[in-house]
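**Student:** Below are the structure tokens for one structure; questions will follow.
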Amino acid sequence: MKFLISFLFLCLAIPTFSQEDGCNKFGVWLWHFEDTQYPTHGGLADRVKAMGAKRIYVKVADGRINPEVWPEVQDTELVKAYHDRGLEAWAWSYNYKNNTVLQAEALYEAAKTGYDGYVIDIEIEFNGESAALQQLLMDFDAKKKQAIADGHIDEDFKFYVTTWGNPSNHNYRIDILDRFVDAYMPQTYVEEWAGDHLVDITKCVEEAQAEYESLGATKPLHHILSTAQQILDEDGINEFFAASGPESSLWRIPGAGVSQLVWDTWYAADWEMDFCDPLALTDQKARAIEFFPNPVHDVINIKNISQGEIILSTVHGKVLTKKI
């Protein structure tokens, strides 16, 4: 007997977000501006805005604050260029175990400059480290409080951390981080992990969520996806956006070894994905489901559905229902 396939979704496991989160704050990461082929931040801001991104993460320090090497930390015109185009500009730094007070100074300077938030990137140097990690976070927390007290920012200024997408493999102290940060930004780099990770991006995001929670995370997770190797197409990016949520972001803006062709893939993605409308998000989840063949004679294969109801109907309209 031949069947046509349709779906009715009753209780898909979809994350919910309030209006105050915004319909999305999708972002992109900037490493070395001088390698982007743009003469000014205004030009880059125009392209990021035209693509549909809402936020850019600008590197402002590597270790201790050093405006001669990373002038971005004090460049008010840079921040204005993105703000003038309706974009949020966040600062980020790579961090180490030593000179933690001087590293935290970058947050204070970024707050004075007008950045909208700050992200610390802490990786291999802190694997299995407790005392050094806590000291770094205490120093950053102190500088944030000082910036608030001095009137440069208010209590809404967010402090995030980006680190491993699989922290348990690195003996990483999420429980310490959780006391200081407002959110996590796991590096969910499926292109670099390859293999089965490229087959089911949604599952990778869900597994990272469960892993962080098992290690003591209580704050939100906003994943970062790397497209630097040009493996994922726009469908893969869209699946990632839908799974990760409204503060998803992509690493990194082309330049310094990342092909300019990455822009084409980015432009093709859905940067206007709506997280304020649950029906729109349901539809996005539905489009990620795969079923074949259709029509079907005997056996149907269904991928990427977790909860809901599948309705099978014959070409004559007879309905058969199987709940999952």
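The values are calculated or read from the model by the stated rules, or taken from the named source; none is laboratory data. Just so you know, these numbers come straight off a predicted model, no measurement behind them. Note: ideal-geometry Cβ built from the backbone for every residue, glycine included; neighbour counts use all protein chains shown. Surface accessibility is based on the protein's heavy atoms, side chains included, excluding ligands, DNA and RNA. Shrake-Rupley method; radii C 1.70, N 1.55, O 1.52, S 1.80 Å.
**Student:** Take residue 77 and decide whether it is in contact with a strand residue (DSSP E or B) (Cβ under 7 Å, 6 or more places away or on another chain) and open to solvent by 20 Å² or more (accessible area, probe 1.4 Å). It would help to see each step written out before you state the result.
**Tutor:** Values: in contact with a strand residue (DSSP E or B) (Cβ under 7 Å, 6 or more places away or on another chain): no; open to solvent by 20 Å² or more (accessible area, probe 1.4 Å): yes.
Considered against the rule, which asks whether it is in contact with a strand residue (DSSP E or B) (Cβ under 7 Å, 6 or more places away or on another chain) and open to solvent by 20 Å² or more (accessible area, probe 1.4 Å), residue 77 comes out as no.
**Student:** While we're on this one: Provide a single number: the residues in segment 48-74 that are touching a residue at least 60 places away in the same chain (Cβ under 8 Å) and surrounded by fewer than 20 Cβ atoms within 10 Å (Cβ to Cβ).
**Tutor:** Residues flagged as touching a residue at least 60 places away in the same chain (Cβ under 8 Å) and surrounded by fewer than 20 Cβ atoms within 10 Å (Cβ to Cβ) within segment 48-74 amount to 2.
**Student:** Select, from 94, 38, 82, the only residue that is over 21 Å from residue 114 (Cα atoms) and modelled with pLDDT of 95 or more.
**Tutor:** On the way: 94 fails: over 21 Å from residue 114 (Cα atoms); 82 fails: over 21 Å from residue 114 (Cα atoms).
Selected residue: 38, the only one of 94, 38, 82 that is over 21 Å from residue 114 (Cα atoms) and modelled with pLDDT of 95 or more.
**Student:** Could I ask something else about it? Going residue by residue through segment 25-33, is there one that turns out to be surrounded by fewer than 18 Cβ atoms within 10 Å (Cβ to Cβ), at pLDDT 95 or above, more than 15 Å from the chain's Cα centre (by Cα) and not hydrophobic (A, V, I, L, M, F, W, C)?
**Tutor:** Looking through segment 25-33, at least one residue is surrounded by fewer than 18 Cβ atoms within 10 Å (Cβ to Cβ), at pLDDT 95 or above, more than 15 Å from the chain's Cα centre (by Cα) and not hydrophobic (A, V, I, L, M, F, W, C).
**Student:** Let me ask you something else. Would you mention how many residues in segment 95-143 are more than 12 Å from residue 159 (Cβ to Cβ), among the β-branched types (Val, Ile, Thr) and open to solvent by less than 60 Å² (accessible area, probe 1.4 Å)?
**Tutor:** Selection size over segment 95-143: 3.
**Student:** Restrict the check to segment 244-265 and report whether at least one residue is at pLDDT 70 or above, open to solvent by less than 60 Å² (accessible area, probe 1.4 Å) and farther than 30 Å from residue 159 by Cα.
**Tutor:** Of all residues in segment 244-265, those at pLDDT 70 or above come to 244-265.
From what is left, the residues that are open to solvent by less than 60 Å² (accessible area, probe 1.4 Å) are 244-256, 258-260, 262-263, 265.
Going one step further and asking which of them are farther than 30 Å from residue 159 by Cα, we end up with 259-260.
There is at least one residue in segment 244-265 that is at pLDDT 70 or above, open to solvent by less than 60 Å² (accessible area, probe 1.4 Å) and farther than 30 Å from residue 159 by Cα.
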